[in-house]
1. In whole Hz, with x marking every Gly and Pro, tabulate ³J(HN,Hα) for segment 38-55 from phi via Karplus 6.51 cos²θ - 1.76 cosθ + 1.60, θ = phi - 60°.
2. With every protein chain left in place, what is the accessible area per residue of segment 36-80 in square angstrom, probe 1.4 Å?
3. Quick one: what does P(r) look like for the chain with 10 Å bins over all Cα pairs, in whole %?
4. Between Phe24 and residues 5 or more places away or on another chain, which pairs have amide H atoms under 5 Å apart, with H built 1.01 Å from N, and which residues are they?
5. Can you give the FRET efficiency to the nearest 0.05 for Asp30 and Val74, using r as the Cβ-Cβ distance and R₀ = 25 Å?
6. Answer with one residue from Phe24, Asn38, Leu58: the one whose Cα lies farthest towards the positive end of the charge dipole of the chain, charges on Cβ with Lys, Arg +1 and Asp, Glu -1.
7. Amide H of Asp34 versus every other amide H placed in the peptide plane: which residues, excluding those fewer than 5 positions away on the same chain, fall under 5 Å?
8. Over the chain, with every protein chain in place, what whole percent of the accessible area is carbon and sulfur at 1.4 Å, could you tell me?
Amino acid sequence: MLKHHGVCADPEIGVHDLSPDDRFLVIASDGLWDVFTNEEVAQVVTNQGDAEICARALTDGALRKGSMDNVTVVVVQLCD
């Protein structure tokens, strides 16, 4: 059972129909989204070809930008 500390345990869920152009899926905690826009994340992922490098770059970037929250980033490569 979660203790009440003003933290919401309900995830934000979105639905997106994948297209052949979709190359990556980014799943991340608030620590990333607090300091990066969707467009900035897309730019980082587009400029890198490797999912692990993308996740590391986004995590390091969020910490450099001063994120004060948990920073967890998973990047899934959808196709080659």
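1. 4, 5, 5, 4, 4, 5, 4, 5, 5, 7, 10, x, 10, 4, 5, 5, 4, 4
2. Numbers: 2970 Å² over 45 residues.
Solvent-accessible surface per residue comes out at 66 Å².
3. 17, 46, 28, 9, 1
4. Leu78
5. On the way: r = 14 Å, r/R0 = 0.56.
After rounding to 0.05, the efficiency reads 0.95.
6. Positive-most Cα among the choices belongs to Leu58.
7. Placed amide hydrogens put nothing under 5 Å from Asp34.
8. Roughly 53 percent of what the probe reaches on the chain is carbon or sulfur.
The values are calculated or read from the model by the stated rules, or taken from the named source; none is laboratory data. Keep in mind that what you see is a predicted model, and the values were worked out from it rather than measured. Cβ atoms come from the backbone with ideal geometry, glycine included; neighbour counts cover every protein chain shown. Ligands, DNA and RNA are stripped out before the accessible areas are found, and what is left, the full protein with its side chains, is counted by its heavy atoms. Shrake-Rupley method; radii C 1.70, N 1.55, O 1.52, S 1.80 Å.
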